[in-house]
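The structure under discussion is supplied below as structure tokens; questions concerning it will follow.
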Amino acid sequence: MRYHLTTFGCQMNEHDSERIKGLLESKGWSEGASRDDADLILFNTCTIRGSADQRFLGNLGDAKRVKRERPDVVVAVGGCWAQSQREQVFSEFPFVDIAFGPAEIARLGELVARERLEAVGAFSFDGAFSGGLPSKRERAHQAWVQISTGCNCVCAYCIVPSVRGRERSRPAGDVIEEVARLASDGVREVTLLGQNVNSYGRDTAREERWTFAELLRRAAGVDGIERVRYTSPHPKDMRADVIAAMAEEPAVCEHLHLPAQSGSTRVLKAMRRTYSRERYLELVDRLRAAIPDLSLTTDLIVGFPGETDAEFAETLSLIERCQYDGAYTFLYSPRPGTEAADRLEDDVPAEVKRERIAALVEEVQRVASQRATRFVGSTREVLVEGPSRTDPTRMRGRLRQNITVNFAGDAEPGDLVDVEIDSATSTTLAGRLAPAAVAA
Ligand code: SAH
Ligand code: SF4
Ligand code: F3S
């Protein structure tokens, strides 16, 4: 029995897909090379923007073709799009056999079994965290660890709270236990995952509450874990104790993805981000003062309802001011059911949005290329991930700053090596393995 899984969306979905694969493989399924080769066609979907829906629906069309050719194939659709559509999935796409939301991964085994009339044992699962499920990790030495699910923010543009539900923190003991288990399994780098990681713990009873900063320190203290990252934090919850943990814990990496969304206080307010341009900039200054050589990345949206040229210019100026090492830039996309889609007119013309995003991307690349040159001529610690994607005679790995390095020299995935950096582009660095230090 073979399955084929296509994953869309964020790291949360990537991680959920590792669990889906682990679950299926623990029940005797193996991964097929293509949909034509599979008995079970699965999708783990995203619905963050209209373009995510479109990309998925194109792929779903292909599954429909396979189902027409081989009616006994099972088509299963999971994740955020499935959750947002609920029962409509079956009326609009009658060839879909199974739909499941992000909190129902454990039930998938059961659902598939019912569909295929096989007897399988069910997993015990508390409905929200997939931490107890088997997992098939894509990378041997790096792992994601889910620390919370859902989101209590009310960002006016965002569909996530309605598809992932209220925020729930995973018990701290379970998180640390998983980190320790991963470490004993050879993992050297973990990324703590949640929609709003730094509000971790606020939904937990006071006696047993750990703050995000405490969790970060404890994860960083696990034997064998050399690097700890986390994503995504919300600027409003970026407290002094978290900055201190980043500055003081050697394992916590000098990289922070700090979504700004806009550089205009008026737009931020309409987005309900709960911070102003000034507060964001102050935070960036505090981070830079505490963590030398911090690499900062962000998410930015252009064309939010009512965004003027002057307001967009404030977003553009954020790039130089914050000295980002990279940024994801998005065209505002109205999502039905969100405050912005229901109450505000999507009034920035498509061509203006496109002009704005082009200018933003250019500025992001300009600043990132300039920033990357700071590494040239220095020797940096690299966690080796595998062969270079463009030149298999070279190796690929990442700096603590999360920047990819391609380099010459012998190294194995999972090694921490020193690399002399000799050139840079806006997205990658190149270099060679530093000669091993010779004992005097
Ligand atoms: N919880 C995370 C990620 C949310 S989704 C966080 O808050 O950082 C990832 C990014 O998609 C967001 O940061 C935002 O920049 C973008 N995004 C979300 N909804 C969007 C929409 N309706 N249109 C355009 N971009 C959107
Ligand atoms: Fe969406 Fe805002 Fe929550 Fe991020 S913090 S998931 S942008 S509602
Ligand atoms: Fe998409 Fe859901 Fe992630 S909507 S961005 S897969 S939380």
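Quick one: which of VAL302, VAL348 is out of contact with any strand residue (DSSP E or B) (no Cβ under 7 Å at 6 or more places or on another chain) and buried (at least 16 other Cβ atoms within 10 Å of the Cβ)?
VAL348
Mind telling me which of the residues ALA33, ALA38 ends up being at pLDDT 95 or above, hydrophobic (A, V, I, L, M, F, W, C) and open to solvent by 50 Å² or more (accessible area, probe 1.4 Å)?
Result of the check over ALA33, ALA38: ALA33.
So which residues in the range 257-292 are part of a loop (DSSP other than H, G, I, E, B) and among the hydroxyl-bearing types (Ser, Thr, Tyr)?
Across the range 257-292, the qualifying residues are SER262, SER264, THR274, TYR275, SER276.
What's the number of the only condition in (1) open to solvent by 20 Å² or more (accessible area, probe 1.4 Å); (2) within 25 Å of GLN323 (Cα to Cα); (3) within 16 Å of ligand 1 (Cβ to nearest atom) that ALA244 fails to meet?
For ALA244, the exception is condition (3).
Counting only residues that are open to solvent by less than 20 Å² (accessible area, probe 1.4 Å) and within 16 Å of ligand 1 (Cβ to nearest atom), which one in the range 51-90 is farthest from ASP346 (Cα to Cα)?
Looking at residues that are open to solvent by less than 20 Å² (accessible area, probe 1.4 Å) and within 16 Å of ligand 1 (Cβ to nearest atom), I get GLY79.
Could you tell me whether the range 207-230 includes any residue that is among the aromatic types (Phe, Trp, Tyr) and either closer than 21 Å to LEU383 by Cβ or away from ligand 2 (no atom under 16 Å from the Cβ) (or both)?
yes
Just to be sure I understand the filter: pairs with C-beta atoms under 8 Å, separated by 6 or more residues or on different chains, first member in the range 338-354 and farther than 18 Å from THR315 by Cβ, second member within 14 Å of ligand 1 (Cβ to nearest atom) and open to solvent by 70 Å² or more (accessible area, probe 1.4 Å). Which pairs pass?
THR338/SER162; GLU339/VAL154; GLU339/ARG272; ASP342/PRO336
Let me ask something else. Exactly one of these conditions fails for ILE291: (1) away from ligand 1 (no atom under 16 Å from the Cβ); (2) open to solvent by 50 Å² or more (accessible area, probe 1.4 Å). Give me its number.
Single failed check for ILE291: (2).
Turning to a different aspect of this structure: Can you say whether ARG86 is within 15 Å of ligand 3 (Cβ to nearest atom), touching a residue at least 40 places away in the same chain (Cβ under 8 Å) and under 30 Å from PRO336 (Cβ atoms), as far as the supplied structure shows?
Values: within 15 Å of ligand 3 (Cβ to nearest atom): yes; touching a residue at least 40 places away in the same chain (Cβ under 8 Å): no; under 30 Å from PRO336 (Cβ atoms): yes.
Against the criterion (within 15 Å of ligand 3 (Cβ to nearest atom), touching a residue at least 40 places away in the same chain (Cβ under 8 Å) and under 30 Å from PRO336 (Cβ atoms)), ARG86 does not qualify.
Somewhere in the range 13-24, is a residue free of Cβ contacts under 8 Å to residues at least 40 places away in the same chain, away from ligand 3 (no atom under 16 Å from the Cβ) and open to solvent by less than 50 Å² (accessible area, probe 1.4 Å)?
No.
Something else: Quick one: GLU307 ticks every box in (1) open to solvent by 50 Å² or more (accessible area, probe 1.4 Å); (2) not in a helix (DSSP H, G or I) except a single one, so which number is it?
Failing condition for GLU307: (1).
Still on this structure: For GLY414, are the conditions met, namely being assigned to a strand (DSSP E or B) and within 28 Å of the chain's Cα centre (by Cα)?
Judged against the criteria, GLY414 is not a match.
Only one of these conditions is not met by SER378: (1) closer than 29 Å to ILE319 by Cβ; (2) open to solvent by 50 Å² or more (accessible area, probe 1.4 Å). Which number is it?
(2)
I need the full set of residues from the range 178-188 which are among the hydrophobic types (A, V, I, L, M, F, W, C) and either at pLDDT below 95 or open to solvent by 10 Å² or more (accessible area, probe 1.4 Å) (or both), in order please.
Matches in the range 178-188: ALA180, LEU182, ALA183.
Condition check ((1) touching a residue at least 24 places away in the same chain (Cβ under 8 Å); (2) within 16 Å of ligand 1 (Cβ to nearest atom); (3) among the aliphatic types (A, V, I, L, M); (4) open to solvent by 40 Å² or more (accessible area, probe 1.4 Å)) across all residues:
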| position | (1), (2), (3), (4) |
| --- | --- |
| VAL145 | yes, no, yes, no |
| GLY150 | yes, yes, no, no |
| CYS153 | yes, yes, no, no |
| SER162 | yes, yes, no, yes |
| GLY173 | no, no, no, yes |
| ILE176 | yes, no, yes, no |
| VAL190 | yes, no, yes, no |
| ARG206 | no, no, no, yes |
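If you don't mind, there's one more thing I want to ask. From the list THR315, THR393, which one is at negative phi and either assigned to a helix (DSSP H, G or I) or within 21 Å of the chain's Cα centre (by Cα) (or both)?
THR315
Same structure again: For the range 220-230, check the following and say yes or no: at least one residue is among the basic types (Lys, Arg) and crowded, with 18+ Cβ neighbours inside 10 Å.
Yes, there is a match, as at least one residue in the range 220-230 is among the basic types (Lys, Arg) and crowded, with 18+ Cβ neighbours inside 10 Å.
Please state which one of GLY32, GLY79, GLY28 is touching a residue at least 12 places away in the same chain (Cβ under 8 Å), on the phi > 0 side of the Ramachandran plot and in contact with a strand residue (DSSP E or B) (Cβ under 8 Å, 6 or more places away or on another chain).
Going through GLY32, GLY79, GLY28 in turn, the sole match is GLY79.
Checking THR329 against (1) farther than 30 Å from LEU429 by Cβ; (2) free of Cβ contacts under 8 Å to residues at least 40 places away in the same chain, only one condition comes out false. Which one?
(1)
Given the options LEU399, LEU433, name the one that is open to solvent by 30 Å² or more (accessible area, probe 1.4 Å) and in contact with an Asp or Glu (Cβ under 8 Å, 6 or more places away or on another chain).
LEU433
Check VAL160 against each of (1) over 30 Å from PHE304 (Cβ atoms); (2) within 14 Å of ligand 2 (Cβ to nearest atom) and name the one condition it does not meet.
The number of the failed condition is (1).
Something else: Please find, among ARG286, ARG279, the residue that is open to solvent by 30 Å² or more (accessible area, probe 1.4 Å), in contact (Cβ under 8 Å) with a residue 24 or more places away in the chain and over 28 Å from ILE159 (Cβ atoms).
Every option except ARG286 fails the conditions.
The values are calculated or read from the model by the stated rules, or taken from the named source; none is laboratory data. As the structure is a computational prediction, the values presented were derived from the model and not from experiment. We place every Cβ from the backbone using ideal geometry, glycine too, and count neighbours over all the protein chains shown. We work out accessible area using only protein heavy atoms, side chains counted, and drop any ligands, DNA or RNA first. Shrake-Rupley method; radii C 1.70, N 1.55, O 1.52, S 1.80 Å.
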